[in-house]
Amino acid sequence: MAETFEGARTLILDNVAPLPAESVTLLDAGGRVLAEQIHAPYEMPRWDNSAMDGFALREEDCRAAAQLTISGYIPAGGSAENIQVTPGCAVKIMTGAPTPAGCQVVVPIEETEEDGKTVVLKGTPQVGDHIRFRGEDIRQGELVMTVGSVLRPAEISLLASFGFTTVRVFQRPKVAILSTGDELVEPGEAIGPGQIVNSNAYSLAAAVKEAGGEPLMLGIARDNRESLQGKLMEGLQADVLLTSAGVSMGDRDLVCEMLQEAGVEQLFWKVDIKPGRPTAFGLKAGTPVFSLPGNPVSTLVTFEEFVRPALLKMQGYQKVLKPFAKATLSKAVNKKPGRVQFLRVLVAEDGGRLVATSSGDQNTGILRTMLRANGLAVLPADRGRIEAGEEVNVHLLRAHDSFL
Ligand code: AMP
Ligand code: MG
């Protein structure tokens, strides 16, 4: 019996786990997921310091029009150790320089008038202003990042400021990609009668990279037992095996059978979705195997909905399912109840709300409408026709125009 969409996803996510950790340099750590806890090795900032270029002075000199003698100078990188602010004096100080003993406030240059020897305050400074106090950001020993934190530029900034040169992250999955079919030739090869170019291997490789994995190209297995057996065995050495085509009802659709012979335990074959119904998923000694349908659109849609979340989970991401964007359907869509339908749509903002419009012909054989789409509207299995103006859930397909 076919699995439901949600059931298939649950089976997949319940059966994949984060890969072991590895150390990477900070330069390679962006976008990876932390596999260790990070405690602050010291306070941040490490000492009281000036937040502005200006003058450090004492509380009792905080008066409008006070005229103070400039008694010292501390640049960034300088030391305040032998400098004291005494009554009636101010020390010139640059942003980031340590504040000297006795100083309770920094007055920015633009709020003073200076002649080189003395400085006059324009307004009345408030005690504590423009000083960054030791430990005000982070305390020594504080837990600043936990396992599962995604290392965005801000996290990298923190790690670098604490002097880390390497960090432990979860490994990226090595994903073997195998195309199957007697009709396939590789790009660049002569295309004979009845032949087509193996495009799935390349679209999948791009999708794997986009999801943080490393593609391993296995090439093409032919629709016979020997060819499939050899390639499947090779593919099962990777962290994940992806196959395309050969999972439908044709008499040469041998992928599921050969996977079973190779010791892969099948968890499902066929899902109540459109496109992508023949998708299968199994495990061999913990290695996930996705058998995706061969139609290029189905291959990409099933990657997006099933493989991508699994690859993210293997990399340690805790949130692996895309949030739905809520969009209003611009035109009615006819669908048969019984299957979740992934409608290729163009989502655009219109007067502060998102509107989803079909990107065109939804036939599985039409790749062009996949190119035009920036989202997949996920139409519920139990629904028939969906009317214009109804709200639909959309998985946005591009990272940089996500509207979210
Ligand atoms: P199948 O599931 O083997 O019947 O394949 C379904 C459809 O996908 C057929 O039209 C195949 O020619 C096509 N197809 C299979 N593999 C690929 C591939 N690697 N690249 C592009 N199209 C493919
Ligand atoms: Mg085939």
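The values are calculated or read from the model by the stated rules, or taken from the named source; none is laboratory data. Remember, predicted model here, so these are calculated numbers, not experimental data. Cβ: placed from backbone, ideal geometry, glycine included. Neighbour counts: every protein chain shown. Heads up: the accessible areas ignore ligands, DNA and RNA and are worked out on the full protein's heavy atoms, side chains in. Shrake-Rupley method; radii C 1.70, N 1.55, O 1.52, S 1.80 Å.
Once you divide the Cα radius of gyration of the range 325-396 by 2.2 N^0.38 Å, the number left is 1.02. Rolling a 1.4 Å probe over the protein heavy atoms of the range 49-132, with every protein chain left in place, gives an accessible area that is 47 percent carbon and sulfur. Of all segments of the chain bounded by chymotrypsin sites (Phe, Trp or Tyr not before Pro) found in a DSSP loop with no more than 16 other C-beta atoms within 10 Å, the longest spans 165-323. Among the GluC sites (Glu not before Pro) found in the range 37-146, those both in a DSSP coil and sparsely packed, with 14 or fewer other Cβ atoms within 10 Å of their Cβ, are Glu81, Glu136, Glu142. Counting heavy atoms of the protein chains alone, Cys256 has an accessible area of about 20 Å² for a 1.4 Å probe.
With 0.36 nm allotted per residue and the present C-alpha distance subtracted, the Glu60-Lys319 stretch has 87.9 nm of extension available.
GNM on the chain, alpha-carbon springs under 10 angstrom: the most fluctuating residue among Gly235, Gly72, Gly375 is Gly72.
State which entries of Lys174/Lys231; Lys274/Lys319; Lys174/Lys284; Lys274/Lys335; Lys274/Lys326 exceed 18 angstrom in Cα-Cα distance in the structure shown. Violating the 18 Å limit, Cα to Cα: Lys274/Lys319; Lys274/Lys326.
When the surface is traced with a 1.4 Å probe over the full set of protein chains, Glu186 keeps roughly 40 Å² accessible.
Listed values for the range 273-284 are Karplus-derived 3J(HN,Hα) couplings in whole Hz (6.51 cos²θ - 1.76 cosθ + 1.60, θ = phi - 60°), namely 9, 9, x, x, 3, x, 3, 10, 9, x, 9, 10, and x replaces Gly and Pro.
Only Lys, Arg, Asp and Glu carry charge here, each on its Cβ (+1 for the first two, -1 for the last two); on that basis the chain has a dipole of about 980 debye about its Cα centre. Each residue of the range 338-352 is assigned a 3J(HN,Hα), and the resulting list reads x, 9, 6, 10, 9, 8, 6, 10, 9, 9, 9, 8, 9, x, x Hz, derived from the Karplus form 6.51 cos²θ - 1.76 cosθ + 1.60 (θ = phi - 60°), x at Gly and Pro. Lys319 exposes around 140 Å² of accessible area when a 1.4 Å probe is run over every protein chain in place.
Computed over the alpha-carbon pairs of the chain, the distance histogram in 10 Å steps reads 5, 18, 20, 17, 12, 10, 9, 7, 2, 0 percent, short to long. Using the Karplus relation 6.51 cos²θ - 1.76 cosθ + 1.60 with θ = phi - 60°, the per-residue 3J(HN,Hα) values for the range 16-33 come to 10, 9, x, 6, x, 8, 9, 8, 10, 6, 4, 5, 9, 8, x, x, 8, 10 Hz, with x marking Gly and Pro. Largest GNM mean-square fluctuation across Val120, Val185, Val240, computed for the chain with C-alpha springs under 10 Å, falls on Val120. The range 304-337 and the range 126-141 have Cα centres lying 43 Å from one another. Amide H contacts under 5 Å for Ala245: Leu292, Gly294, restricted to partners 5 or more places along the chain or on a different chain, H placed in the peptide plane at 1.01 Å from N. Output the 0 to 90 degree angle, nearest 10, between the alpha-carbon long axis of helix 5-14 and the longest principal axis computed from the alpha carbons of the chain. Approximately 60 degrees, to the nearest ten. Surface analysis of the range 280-404 yields an accessible area of 45 Å² per residue, using protein heavy atoms and a 1.4 Å probe. Calculate the FRET efficiency for Tyr202 and Thr118 from the Cβ-Cβ distance with a Förster distance of 51 Å, rounded to the nearest 0.05. Computed FRET efficiency for Tyr202 and Thr118: 0.10. Which of the aspartates and glutamates could be linked to Lys122 by a straight reach, that is with a Cα gap under 19 Å, when you skip same-chain ones fewer than 8 residues away? Hits, sequence-local ones excluded: Asp53, Glu59, Glu60, Asp61, Glu110, Glu111, Glu113, Glu114.
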